[in-house]
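One structure is given below, encoded as structure tokens.
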Amino acid sequence: MRRDDGSPGFGVYIHWPFCAAKCPYCDFNSHVRHQPVDQERFADAFRREMAEMRERTGPRDVTSIFLGGGTPSLMKPETVGAVLDAVAAHWTVPDGIEITLEANPTSVEAERFRGYRAAGVNRVSLGVQALNDADLRFLGRMHSVADALGAIGLAREIFPRLSFDLIYARPNQRLDAWEAELRQAIAYAADHLSLYQLTIEEGTPFFALHAAKKFAIPDPDHAADLYALTQDVTAAAGLPAYEVSNHAAPGAESRHNLTYWRYGDYVGVGPGAHGRFAEDGQRVVTIGERHPESWLAAVEQNGTGVTSGERLMPWEEADEMLLMGLRLREGIDLARYEALARRSLDGERLAFLQGEKLVESVGNSRLRATPTGMAVLDALVADLAS
């Protein structure tokens, strides 16, 4: 596997928008279809939109490919292979780069793992979400703990790299119960875990149920205790946080996600996919039509399903870089920030935040949030950007 060289990189994101069922907490662009999806037609549309994106980006060396969703493990291995071949036809794809596919750990999808590996996938990210059957039902997941553990075991046999997700700060979750579940997860993990606090997003079924007081999530103090426990347990196990919600053994960080957080360039292909890349010397944003069939029709008619976007001013780029980069344990490159912002961070404000132990310098060239600062990151970023 190609090692991370520390550069922002150039990623390609492919969005497969279909799911077998919609989870009640999810606000991603995902859709349920009760008739079979025409996968060959969508694969052709992915190829066409990639051709359009290649015209806009010019030749680039790809550092990572990510098939996300939705549920990409509903794709046939042949579809995945066709999509990956299309990426290689439009950009340079060096040997050994990270190629990730998101998967749900049901037995039907797990049987496809060998086909995905043959197609070129070398990293799988499993949406486990809980190692507790009652909480899996609450979260609307279609698999059991036994299904999840079976999929994890199979993935470890087949793929060079594996990650899986868990959601914590669930209703009535005690510290000791989460610690036991987290330690169980670490015992099954290979070298990467994504650990997210349950958030209530507007427009989801959970939003209405929570508003109606059908359930309650931990209060901010208890959620902070769960977060702190997560950091302590994972660090002690050799999987420290390299980003707010992502934990890895050194060298096993997600290369694709590092591209986002390092404010690198990436192309988004598919319904609702976002992209950010340099075009004619200026950073552009692309956003695809969210409705899958409408996106498909637009690509077939116009060559792309991109419906909106903008060109960013340098100061907007600087603010985005700050927002993304301070999520990382490695922090931000101050010289790059200052070149975009065309100014330095306010020295007096920076000194105050350092005195409060919310940020710290890394050598003479980088700035990062401290563990204390990570816990209040949104406020910290707003303070630094003002």
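The values are calculated or read from the model by the stated rules, or taken from the named source; none is laboratory data. If you're wondering where the values come from, they're calculated on a predicted model, not measured in any experiment. Using ideal geometry, Cβ is built from the backbone for each residue, glycine included, and neighbour counts are taken over all protein chains shown. The protein model used for the area step is the full one, side chains on, heavy atoms only, and it has no ligands, DNA or RNA in it. Shrake-Rupley method; radii C 1.70, N 1.55, O 1.52, S 1.80 Å.
In the complete set of protein chains, residue-level accessible area for Trp315 is approximately 150 Å², probe 1.4 angstrom. Each part reduced to its alpha carbon centroid, segment 80-112 and segment 12-50 end up 15 Å apart. The candidates Ser361, Ser386, Ser73, arranged from most to least accessible area with a 1.4 Å probe in the full protein assembly, appear as Ser386, Ser361, Ser73.
Couplings 3J(HN,Hα) for segment 5-21, derived from phi with the Karplus relation 6.51 cos²θ - 1.76 cosθ + 1.60 (θ = phi - 60°), are 9, x, 7, x, x, 9, x, 10, 10, 10, 9, 9, x, 9, 10, 6, 7 Hz, where x marks Gly and Pro.
Annotation: Cα Rg of segment 249-378 relative to the compact-globule expectation 2.2 N^0.38 Å equals 1.28. Full extension of the chain between Arg56 and Met313 yields a length gain of 90.7 nm, computed as 0.36 nm times the residue separation minus the alpha carbon distance.
Ranking Val32, Val267, Val376, Val145 by solvent-accessible area of protein heavy atoms (1.4 Å probe, all protein chains present), from largest to smallest, gives Val376, Val32, Val145, Val267. The mean sequence distance of close C-alpha pairs (under 8 Å, at least 6 residues apart), as a share of the length of the chain, puts its relative contact order at 16 percent.
Comparing Cα centroids, segment 200-232 and segment 351-386 end up 25 angstrom apart.
Accessible surface for the chain, divided over its residues, is 45 Å² per residue with a 1.4 Å probe. For a 4.7 Å threshold on C-beta separation, the list of partnerless cysteines in the chain reads Cys19. Ignoring aspartates and glutamates fewer than eight residues from Lys213 along the same chain, the ones with Cα atoms less than 19 angstrom from its Cα are Asp135, Glu201, Glu202. Would you please classify the overall shape of segment 209-276 from the alpha carbon gyration tensor, given that a ≥ b ≥ c denote the square roots of the eigenvalues, rounded means a/c under 1.5, and beyond that prolate means a/b larger than b/c while oblate covers the rest? It comes out oblate by the Cα gyration axes. Accessible surface ranking for Phe207, Phe164, Phe215, 1.4 angstrom probe, highest first: Phe207, Phe215, Phe164.
The GluC sites (Glu not before Pro) of segment 127-201 meeting both criteria, a DSSP state outside H, G, I, E and B (loop) and at most 15 other C-beta atoms within 10 angstrom of the site's C-beta, are Glu201. Proximity of backbone amide H atoms, modeled 1.01 Å from N, is registered between Phe277 and Tyr266, Val284 at under 5 Å, excluding neighbours fewer than 5 places apart on the same chain. For Glu243, the residues 5 or more places off, or on other chains, whose built amide H falls under 5 Å of its own are Arg329. Accessible area of Ile99 (1.4 Å probe, protein heavy atoms only, ligands and nucleic acids ignored): about 20 Å².
Comparing segment 73-193 with the 2.2 N^0.38 Å rule of thumb, its C-alpha radius of gyration ratio is 1.16 (two decimals). Spin-label model, Asn302 to Ala89: label points 7 Å out along the Cα-to-beta-carbon direction sit 2.3 nm apart. For segment 340-353, the Karplus equation 6.51 cos²θ - 1.76 cosθ + 1.60, evaluated at θ = phi - 60°, returns couplings of 6, 6, 6, 6, 8, 4, 4, x, 5, 5, 5, 4, 5, 5 Hz by residue, with Gly and Pro reported as x.
In square angstrom, rounded to the nearest 10, how much accessible surface does Asp176 have for a 1.4 Å probe? Taking all protein chains as shown, Asp176 has close to 90 Å². Looking at segment 129-212, the trypsin sites (Lys or Arg not before Pro) that sit in a DSSP loop and have at most 12 other Cβ atoms within 10 Å of their own Cβ are Arg174.
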